[in-house]
Amino acid sequence: MPRVVHFEIYTDDPDAVRPFYRDVFGWKFEKFGGPIEYWLVTTGDDKEPGINGGLARTRKGQSPGTLNTIGVASLDQSIKKIEARGGKICVPKMAIPGVGWLAYVEDPAGNVFGIIELDTKAK
């Protein structure tokens, strides 16, 4: 059964948000090299229940908020199912080099979430 495997916090002011989560929850942030301003967020020991996430600056037209990403066995198959059930593709399939394939989708009620297929060969 696919599960939520990652979260992202989008904000207009990452410099204000990072210290907030660090000081309140003890989360750790590590800048991720890539084409967008992005920090990996470690929320605890991998041996404990929970997930890690990311922090990014909002893009033009995007509202601040939190977005969950669900791990799937096949991104292409999941996209077909989403569209067949009335969902929409917001951001088409893209490679996260060395991690996998990611897309952002919307359910019929307008809730946006990510889906990811892990694949270390993704380029």
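The values are calculated or read from the model by the stated rules, or taken from the named source; none is laboratory data. Source: prediction; values computed, not measured. Backbone-built Cβ (ideal geometry, glycine too); neighbour counts: all protein chains shown.
Worth pointing out:
- Qualifying positions in the range 19-44 - modelled with pLDDT of 95 or more, assigned to a loop (DSSP other than H, G, I, E, B) and not hydroxyl-bearing (Ser, Thr, Tyr): Gly26, Trp27, Gly44
- For the range 57-89, residues that are at pLDDT 95 or above and either hydrophobic (A, V, I, L, M, F, W, C) or more than 14 Å from the chain's Cα centre (by Cα) (or both) total 20.
- Per the listing Leu118, Leu40, the residue uniquely under 13 Å from the mean Cα position of the chain (by Cα), over 24 Å from Arg22 (Cα atoms), surrounded by fewer than 17 Cβ atoms within 10 Å (Cβ to Cβ) and of a type outside the set (Val, Ile, Thr) is Leu118.
- Taken together, Ile70, Ile82, Ile89 contain a single residue that is touching a Gly at 6+ places or on another chain (Cβ under 8 Å), more than 20 Å from Phe32 (Cα to Cα) and surrounded by 11 or more Cβ atoms within 10 Å (Cβ to Cβ), which is Ile70.
- Qualifying residues in the range 51-74 (those that are β-branched (Val, Ile, Thr) and part of a strand (DSSP E or B)) - the one farthest from Trp27 (Cα to Cα): Ile70
- The criterion of being in contact (Cβ under 8 Å) with a residue 12 or more places away in the chain and in contact with a strand residue (DSSP E or B) (Cβ under 7 Å, 6 or more places away or on another chain) holds for Thr66.
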